[in-house]
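Here is the structure we will look at, set down as structure tokens.
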Amino acid sequence: MKIVADENILALDGWFGKKVTLQLVPGREINADHVKDADALLVRSITRVNAALLEGSAVQFVGTATSGTDHLDLDWLAQQGISVADAAGANANAVVEYVLASLATLIRDDAFDPWQCRVAVIGVGHVGGALIRRLQGLGIDCVACDPLQQIVVNVDYVPLDEALQADVVCLHTPLTHDGKHATWHMLDRERLSALRPETVLINAGRGEVIATDALLELLQRVPEQNVFLDVWENEPSPSLALLRQVTAGTPHIAGYSVEAKLAASRCVLTGLCRHFNKKIPAVMPPVNLPLIVHDERFSIEPRVAGDAGRTDQQLFADMVLASFSPARVSQRFTGLYQRAAADNNGAQVFDSLRRELAERREFSACHLHAAAYSPQLAGWLHAAGFVLQA
Ligand SMILES: NC(=O)c1ccc[n+]([C@@H]2O[C@H](COP(=O)([O-])OP(=O)(O)OC[C@H]3O[C@@H](n4cnc5c(N)ncnc54)[C@H](O)[C@@H]3O)[C@@H](O)[C@H]2O)c1
Ligand SMILES: O=C(O)[C@H](O)[C@H](O)COP(=O)(O)O
């Protein structure tokens, strides 16, 4: 059997016996020549999988290590009888932590108190559902907007235009082009203009859900509007003007963590085994991941305990941002991207930064000493996903 796979799907090597030929290829370079005699293709979001790639090939299974599937021509694949498996849910927790870290950026700067706010989550699937549960666990008021499925209980579902009046608006929808609830340019000029200037907008769904030109116009008119973008139109070459204007812009890494990457690999390998009627290995990619109890990134802990001058909210933000700071990533991304864009190398910067940022660990890898924090702060840290030990 021959499997062609994106070289950046984590921990694929070592899972296949001698009867399998695994060819690893950079995702943007996978072409019809690579796949013509392959039985299976494993991709990430950057490979377009359609007739142009697979027509006449031997591929009968496509696995994508992503939740989004807009890079796959699902109708054509179904017509051809090619099976598809995705990794929906694998990176939901990483995206939730990205949203918490974005809010922490504003809390730290004293610009914002989420406990006095209403957060609207638009798109309530794996990511949006997990986000609502996490925010509610933190005691933060939420509403949900999802006209296609209403699966989360104990939350009010509201129409889109009402959701856009919340204090924080989080977009977690797929990119879709057809039907009454298509999401392409769902936030167009008219809807963006309806946002209140103090509303915080976060997009970790797909870039095309917001019309770039209209958002740029909005930010030129209302520069104080806080906007966090992880996804962009025209990746890997997003608008530099927009990147410069947003509160924090990251190169599509909200769902990036070692935990998420391994879970995604597990999903595609499970799908592959099911399709080819192979036994699903009991233990899948590796893994003894070290905890970060003593990691220098968390040397903040003693400072937190000793710093009587900071409020529990600020200390909460400090802890979250010590783990992952979208603003720090944004600063680096913006600097590198604007220099590279001058030489038309922006796309390489986008891709190489993404590779580098895949080593993030989730909050659960950080074990903290409960006694170092006030009961309120310890409760928030626990609810956010950190592990509190006696
Ligand atoms: N930035 C990242 O790193 C990252 C990571 C994971 C997922 N994503 C993106 O986020 C999307 C959501 O991820 P997920 O795992 O929750 O997917 P999911 O399929 O579990 O959930 C998507 C939800 O969006 C809802 N939806 C569809 N159209 C809508 C509309 N017009 N208005 C409101 N809701 C709508 C669906 O009903 C569904 O409940 C993915 O499709 C992907 O494009 C991005
Ligand atoms: O849809 C998803 O799951 C995410 O957008 C995912 O994080 C994309 O990551 P990539 O496949 O490009 O590494």
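The values are calculated or read from the model by the stated rules, or taken from the named source; none is laboratory data. Since the structure is predicted, the reported quantities are computational estimates derived from the model, not experimental observations. We place every Cβ from the backbone using ideal geometry, glycine too, and count neighbours over all the protein chains shown. For accessibility, only protein heavy atoms count, side chains too; no ligands or nucleic acids. Shrake-Rupley method; radii C 1.70, N 1.55, O 1.52, S 1.80 Å.
Quick notes on this one:
- Percent of Cα-Cα distances greater than 19 Å, calculated over segment 163-219: 22
- Inter-label distance, residue 387 to residue 148: 3.6 nm, where each label sits 7 Å from its Cα along the C-beta direction.
- Sulfur and carbon atoms: percent of accessible area, segment 134-198 [1.4 Å]: 50
- Between helix 375-384 and the chain there is an angle of about 20 degrees, using the helix long axis and the longest principal axis of the Cα atoms.
- Selected from 99, 41, 353, residue furthest toward positive end of dipole (the chain; charges at beta carbon): 41
- Cβ-defined net charge surrounding residue 24, 9 Å radius [Lys, Arg +1; Asp, Glu -1]: -3
- With every protein chain in place, segment 67-115: carbon and sulfur % of accessible area (1.4 Å): 38
- Helical mean residue ellipticity (222 nm; -39500 (n - 2.57) per DSSP H run of 4+; nearest 500) of the chain: -10500 deg cm²/dmol
- Across the options 57, 337, 165, the greatest Cα extent toward the positive end of the charge dipole of the chain (unit charges at beta carbon of Lys, Arg, Asp, Glu) belongs to 57.
- Coarse-grained scattering of the chain at q = 0.07 Å⁻¹, given as base-10 log I(q)/I(0) from a Debye sum over alpha-carbon atoms: -0.33
- Residue of 182, 144, 92 that the Gaussian network model of the chain assigns the largest fluctuation, springs spanning Cα pairs under 10 Å: 182
- Residue among 96, 258, 222 with the largest mean-square fluctuation in a Gaussian network model of the chain, springs linking Cα atoms under 10 Å: 222
- Cα-centred dipole magnitude for the chain, charges only on beta-carbon of K, R (+1) and D, E (-1), debye, nearest 20: 1020
- Neighbour count of at most 12 Cβ within 10 Å plus DSSP loop: longest trypsin sites (Lys or Arg not before Pro)-free window in the chain: 20-179
- The chain, relative contact order in percent, only Cα pairs under 8 angstrom and at least six apart counted: 16
- Per residue, the accessible area of segment 81-235 comes to 40 Å², computed with a 1.4 Å probe over protein heavy atoms only.
- The GluC sites (Glu not before Pro) of segment 221-270 meeting both criteria, a DSSP state outside H, G, I, E and B (loop) and at most 10 other C-beta atoms within 10 angstrom of the site's C-beta, are 224.
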